[in-house]
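**Q** Let me begin by handing over the structure; questions about it come next.
Values quoted throughout were computed directly from the atomic coordinates according to the rules given, and no laboratory measurement underlies them. What you are looking at is a predicted structure, and each value in this text was computed from that prediction instead of being measured. Cβ coordinates were reconstructed from backbone atoms using ideal geometry, including for glycine residues, and neighbour counts include every protein chain displayed.
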Amino acid sequence: MGNLFAMPCRNAPSRNVLGLATGDMNDMADIEGNFVWYELLTTAIGAAADFYVNVVGFTAGDMVVDNVAYKILSAGERPTAAIVDTVAYSDGSGALSGWVGYLAVKDVDAVVAMMHELAAVVRLAPCDAAGIGRFAIVGDPQGAAIGLFASSSGSASRTEADSTLNGHVAWHELYTGNPQEALSFYRHAFGWRSVQTIDMGAAGPYLIFSTGDEPAGGIARRPQEISQSLWSPFFRVNDIEAAAHRVVAEGGKVFDELREVPDGDFTLRCFDRQGAVFALVGPKAS
């Protein structure tokens, strides 16, 4: 395996900063390859937390673990995501930042090795989070960072478990250079299935994928506004137009028009005030 795991595991959390032991739990074998958590890596965690509290409606709690400061974003009583200083998970390149989604796996080390064989790059070597599990971050063949998580209890909760509730993650989107190649990679690595291909004209195909029984997200050609391949969470809001105004008022930027989706909701793709890509989904108030 050579130097596959040579990248140090820095400041590995020693308790449940991930909030992964809450909500309706599933056996890891049943949700392997599903998203179970999101983290925002940034150099300004306080400002980032204020932005998402005011835009999405989260509550934010403070936690310090091994001298690393975290902000835990909760929707109601349930932790939804965390914000952490990017230095804590530094891969040495300075480029590991923005939102990172974590997929459930049974064996982090084995999956990292398998993904490496499929041309993925280790960004953060497998680390232990005492009492919660083991995790790692890799870059897929087109450069998008994706996290892996194996629960020490053998169970975790899918992010979409409460996807109809305000503040919860309802959809996952990958912006990349070649959507077909990206889906092929995740299909080989995690067994994801192609559900539908939508012709977006000049923007290229939009590939809807499933990680289980239901569609979970989409893969799109990276728009010119985004400089690198990345994953974006879609947070649910109860009024998409009001949320769009809050994005701008809080120093963020909307880089796409409101788009109606088949269930009657609307989506909105944005940058936060530090430039991280995220999206919102929800109905119009009227």
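**Q** Would you work out the relative contact order for region 226-286, in percent, from Cα pairs under 8 angstrom that are 6 or more residues apart?
**A** Working: 107 pairs, mean separation 24.2, N = 61.
It rounds to 40 percent for region 226-286.
**Q** Based on alpha-carbon atoms only, what is the radius of gyration of region 26-158 relative to the globular estimate 2.2 N^0.38 Å? Numbers along the way, then the final one.
**A** Working: Rg = 14.7 Å, N = 133, 2.2 N^0.38 = 14.1 Å.
Cα-based Rg divided by the globular estimate yields 1.04.
**Q** What distance in nm lies between label points placed 7 Å from Cα along the C-beta direction at GLU181 and LEU118?
**A** Placing both labels 7 Å along Cα→Cβ, they lie 1.5 nm apart.
**Q** Roughly what would the spin-label model give for ASP128 and THR197, points 7 Å off Cα along C-beta, in nm?
**A** 4.6
**Q** Moving on. Which value in nm describes the separation of the simple spin-label points at VAL87 and GLN224, placed 7 Å from the Cα toward the beta carbon?
**A** A separation of 3.7 nm, rounded to one decimal place.
**Q** Sticking with this one: Normalising by the residue count of region 160-282, find the relative contact order in percent from Cα pairs under 8 Å and 6+ residues apart.
**A** Values: 246 pairs, mean separation 29.2, N = 123.
24 percent.
**Q** Averaging the inverse of every distinct alpha carbon separation and then flipping it gives the Kirkwood radius. What is it for region 160-282, in angstrom units? Don't skip to the answer; put the middle values down first.
**A** Numbers: mean 1/r = 0.0669 Å⁻¹.
This gives a value of 14.9 Å.
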